[in-house]
Amino acid sequence: MQALATITARYHGNADDIFREALTFEEMTDAMKGLASYDGLPTGPVKEGETYAVDVTMWGFLKTKGHVMHIEKLDIKNRVLAEPRAQSSYQALGP
């Protein structure tokens with residue numbers, strides 16, 4: 001059974017700066033601390049066209065092995081990060 005999980009966070013600061021920071025796996029790991037942990041996550045920024053496979057544990061007990069993230073579109077100007085077929089799409093809102 002598939003389920004959609006939506007995680008919302010509010011950040012104070014310039015939306016462009018925050019989006020650029022969020023494109024690093026270290027920032028994602030830090031932001032999700034206490035909620036999710038990752039095994040096999042690379043370091044550095046995400047890159048358009050790249051595919052990443054990691055094991056994810058949510059809330060310390062819900063494990064997903066081999067979770068695949070393919071970065072189909074990375075549009076820094078419009079703050080859009082999207083996976084294929086809009087299965088997952090993230091947009092940082094701001095002025």
**OP:** Could you calculate the contour length gain from residue 11 to residue 24, that is, 0.36 nm times the residue separation minus the distance between their Cα atoms, to one decimal place in nm?
**Re:** 3.1 nm
Original post:
Considering the zone a paramagnetic label at residue 64 would reach in this model (a point 7 Å from Cα along the Cα-to-Cβ line), which residues of segment 16-36 have amide N under 13 Å from it?
Top reply: 36
**OP:** Would you compute the Debye intensity of segment 15-91 from its alpha-carbon atoms alone, equal scatterers and no solvent, and pass along log10 I(q)/I(0) at q = 0.16 Å⁻¹ to two decimals?
**Re:** -0.60
Subject >> Length gained when the stretch residue 73-residue 53 is fully extended (0.36 nm per residue, less Cα-Cα span) >> reply: 5.5 nm
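Throughout, read-outs are computed from the coordinates displayed, never taken from laboratory work. Being a predicted model, the structure only gives us computed values, none of them experimental. Methodologically, a virtual Cβ is constructed for each residue, glycine included, from the backbone with ideal geometry; neighbour enumeration extends over all protein chains shown.
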